[in-house]
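The values are calculated or read from the model by the stated rules, or taken from the named source; none is laboratory data. Computed from a prediction, not measured in an experiment: that's the story for all the values here. Cβ placement follows ideal geometry from the backbone for every residue including glycine, while neighbour counts extend to all protein chains displayed. Please note that ligands, DNA and RNA were not included when accessible areas were found on the heavy atoms of the full protein model with its side chains. Shrake-Rupley method; radii C 1.70, N 1.55, O 1.52, S 1.80 Å.
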Amino acid sequence: GEYKDDRVHGVGVYYFANGQVYEGRWVSGKKSGPLLYTVETGQCFAAEFSDRDLLWCERLDDVAVAGKTTKGDCAYDDLMALVTAARQMAADAGTQAEQYWAKDGE
């Protein structure tokens, strides 16, 4: 995938060996901003990170019903647009590699 200064950087999807998946943005190797986090059971959470620190996390179903996060300032549609972009980048990569990245202009 894409790297900047030898660190993952940009919008992408990260697949863990245990079945967890992060879909969102990384800046200089750190999770940054809103992302979708799927646990091994398939349950999805909206979350936001800053410099690897978790700022908030909510069940995606709750965010979808409300139309936005209650703990952060992220609209459901904006989060899903980011996730859709990340998934498209992964699909465009056309590989089954563990990590997929795409430059997002940063």
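Structural remarks
- Residue among Lys68, Lys4, Lys31 that is of a type in the set (Lys, Arg) and in contact with a helix residue (DSSP H, G or I) (Cβ under 9 Å, 6 or more places away or on another chain): Lys68
- Any pair with Cβ under 6 angstrom, 6 or more apart, that starts in region 74-86 at a residue that is under 21 Å from Tyr14 (Cα atoms) and ends at one that is in a helix (DSSP H, G or I) and open to solvent by less than 20 Å² (accessible area, probe 1.4 Å): Tyr76/Val63
- Selection status of Leu82, within 21 Å of Lys4 (Cβ to Cβ), in contact with a Gly (Cβ under 7 Å, 6 or more places away or on another chain), open to solvent by less than 70 Å² (accessible area, probe 1.4 Å) and at pLDDT 85 or above: no
- Among the residues of region 14-33, those identified as surrounded by fewer than 23 Cβ atoms within 10 Å (Cβ to Cβ), part of a strand (DSSP E or B) and of a type outside the set (Lys, Arg) are Tyr14, Tyr15, Val21, Tyr22, Val27, Ser32, Gly33.
- Matching residues, region 48-64, being surrounded by 12 or more Cβ atoms within 10 Å (Cβ to Cβ), in contact with a Ser or Thr (Cβ under 9 Å, 6 or more places away or on another chain), more than 14 Å from Asp77 (Cα to Cα) and of a type outside the set (Asp, Glu): Phe49, Ser50, Trp56
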